[in-house]
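Visitor: The structure's right below; bear with me while I get my questions together.
Every number here is computed from the coordinates shown, using simple stated rules; none is lab data. Predicted model only: the values in this text are computed from it and were never measured. Please note: Cβ atoms are built from the backbone with ideal geometry, for glycine as well, and neighbour counts cover all protein chains shown.
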Amino acid sequence: MQYFNLYKLYRIEDWIKNLGIVLIGTLFSGNFNLINTLLVGISVSCILAHTFSINDFYDFELTSEKNYLGKEIIRKKLSKNKAIIFSILPIFLLFFLSLFLSQEVLFLIFLFLIIADIYNCPPFRLKNNWFLNLIINSFCLGTILFFIGYLSMTTIITIKTFAFSLIFFSYILFSTLIHQLSHLKKDIAAKVSSFPNLFGVRKTIFLLLFIEASVIAFSLFLLIIDFYQNLIFLGTFIFNFFMIVKIQQINIKKINFSELREKVYGISEGLFYLIFLSIKIIIH
C-alpha cells in the first residue's frame, strides 16, 4: 500500500499562520466565544486545505511544477483522480460544519471558495493574470478571512472594522509580492505572469515601499482623528515603519528573498494585535 503525507498534501505549513487573521477578527469584534472560534477555525482550515491542494494540482498539471502533490503523482503513490478527491474531501467536512455557522459567515466562506476555485482552476485560471493574482490573494486571504472571524462574533460592522480589514489586505499583498520574488526564477521557467517577472525586481521593491508608506499614512491619519479609539493602529504604524527600513536596506544582488519572507515582522505584528485585543476584552 502506498502512503503519502496529508500534512504536505494540504500544505498546512503554508496556511496555518493565516488562521491568526481569523482569530484577530474574532477578537476585534470585542466579543469572544471559544466554541465559535474553534468552529470558524476548523471551517477556514477546510477551505484553505482545499484551496492550497487544488492549487498545487493545477500547478503540476498545467505548468509541471514539482510540488509535493506532483511528485507523489509522478511516483505513482497518488493518481490524479485521487488527488482531486483528496482536495475535495475538506469541503465535505465543511458542509457538515455549515449547519452550525451563521448566514454571514457561510456567505463569506462560499464566496472565498468560488473566487479561489476560479482563481486556481481551468478554464478561467485567474492566477495567470498578474493583477488579479495580487488582488484575489489579498482579498481572500486578508479581507475575507478577517471578516469571517469578525462576523462569527457580531454582525455590527463599523468604519473602523473596514479600516482594520484593509491592514490585512495590504499585508497579504505585501507577502504575495515577497513570495513571488522568492519564486522568480521558477516562475520565469514556468512562464508565470507574476508582477516581478513582468516588471522586474526594482519596480517590485518600489511597490513594496509604496504599500508600506500607504499603510503608515493611513494608520497615522486614523491616530490623528482619534488617538485613544484607534490606539491599535499605533502598532500598525510602528511595525510598517520598520518594514520600510528593512526594505530600503535590500541589496538586490545579495538578498535572499526566501529568507526575507521570514524577516518582515508579520508574525510579530500579528502577535501585537492578538495581545492588544485580548487585553482590551479582559479590561472591558
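Visitor: Given 10 Å bins starting at zero, what is the percent of C-alpha pairs of region 158-284 in each, up to the one with the largest pair distance?
Guide: Whole-percent P(r) values from 0 Å outward: 12, 41, 28, 15, 4, 0.
Visitor: Tell me, in nm to one decimal, what length is gained between Lys17 and Phe110 on full extension, where the rule is 0.36 nm per residue of separation less the Cα-Cα distance?
Guide: Result for the pair: 31.4 nm of gain on full extension.
Visitor: How about Lys17: which lysines have a C-alpha closer than 20 Å to its C-alpha, ignoring those fewer than 8 places off in the same chain?
Guide: Lys8, Lys263
Visitor: Using a Gaussian network model of the chain with C-alpha springs under 10 Å, which one of Val40, Val105, Val192 is most mobile by mean-square fluctuation?
Guide: For the chain, modelled as a Gaussian network with Cα springs under 10 Å, the answer is Val192.
Visitor: Tell me, Ile88, Ile24, Ile250 in order of fewest to most beta-carbon neighbours within 10 Å?
Guide: Lowest to highest Cβ neighbour count: Ile88, Ile250, Ile24.
Visitor: Most fluctuating residue of Asn81, Asn128, Asn240 in a GNM of the chain with Cα springs under 10 Å: which is it?
Guide: Highest fluctuation among the options: Asn81.
Visitor: I would also like to ask the following. Let's test the formula: R0 of 45 Å, r as the Cβ-Cβ distance of Lys191 and Phe241. What FRET efficiency results, to the nearest 0.05?
Guide: 0.75
Visitor: Any lysines with Cα under 16 Å of the Lys185 Cα? List them, leaving off those in the same chain fewer than 8 positions away.
Guide: Output for Lys185: Lys66, Lys253, Lys254.
Visitor: For region 1-127, what does the alpha-carbon gyration tensor say about shape, rounded, prolate or oblate, given a ≥ b ≥ c as the root eigenvalues, a/c under 1.5 as rounded, and a/b over b/c as prolate?
Guide: prolate
Visitor: Next question, about the same structure. Once fully extended, how much extra length lies between Ser214 and Lys66, figured as 0.36 nm per residue of separation less the alpha-carbon to alpha-carbon distance?
Guide: Once the chain is fully extended between Ser214 and Lys66, it gains 49.6 nm.
Visitor: Further question: Mean Kyte-Doolittle of at least -1.0 and a Cα length of 20 Å or more along the axis: which whole DSSP H helices of the chain meet both?
Guide: Counting only whole DSSP H runs, the qualifying helices are 34-63, 80-97, 103-120, 159-182, 201-225, 232-248, 266-283.
Visitor: Among Thr158, Thr204, which comes first, then next, by fewest other beta-carbon atoms within 10 Å?
Guide: Least to most surrounded, the residues fall as Thr158, Thr204.
Visitor: Would you mind calculating the gained length between Phe100 and Ser268 on full extension (0.36 nm times residue separation, minus the Cα-Cα distance), in nm to one decimal?
Guide: 57.2 nm is the gain from fully extending Phe100 to Ser268.
Visitor: Can you give the FRET efficiency for Phe124 and Lys76, using 1/(1 + (r/R0)^6), R0 = 25 Å, r = Cβ-Cβ distance, to the nearest 0.05?
Guide: E(calc), rounded to 0.05, equals 0.25.
Visitor: With label points built 7 Å along Cα→Cβ from the Cα atoms of Asp117 and Arg202, find their separation and express it in nm.
Guide: Those two pseudo-labels are separated by 4.4 nm.
Visitor: Let me ask you something else. Each label point is 7 Å from the Cα along the Cα-to-Cβ direction; what then is the distance between the points at Leu132 and Lys280, in nm?
Guide: The answer from the label model is 3.6 nm.
Visitor: Using a 10 angstrom cutoff on alpha carbons, build the Gaussian network for the chain and name the most mobile of Thr143, Thr51, Thr155.
Guide: The residue that fluctuates most here is Thr155.
Visitor: At a Förster distance of 41 Å, what's the computed FRET efficiency of Asn31 paired with Ile250, Cβ-Cβ distance as r, to 0.05?
Guide: 0.50
Visitor: Mind jotting down the three principal axis lengths of the chain based on Cα atoms? Whole angstrom, largest first.
Guide: Taking the Cα atoms of the chain, the three principal extents are 59, 52, 30 Å.
Visitor: Using the structure shown, select from Lys80/Lys203; Lys127/Lys246; Lys160/Lys186; Lys160/Lys191 the pairs with a Cα to Cα distance greater than 32 angstrom.
Guide: With Cα atoms farther than 32 Å apart: Lys80/Lys203; Lys160/Lys186; Lys160/Lys191.
Visitor: What ranking do Phe241, Phe28, Phe139 get, fewest neighbouring Cβ atoms within 10 angstrom at the top?
Guide: Ascending number of Cβ neighbours within 10 Å: Phe241, Phe139, Phe28.
Visitor: Based on the alpha-carbon gyration tensor of region 69-171 and its eigenvalue square roots a ≥ b ≥ c, which shape applies: rounded if a/c is under 1.5, prolate if not and a/b is larger than b/c, or oblate?
Guide: Oblate.
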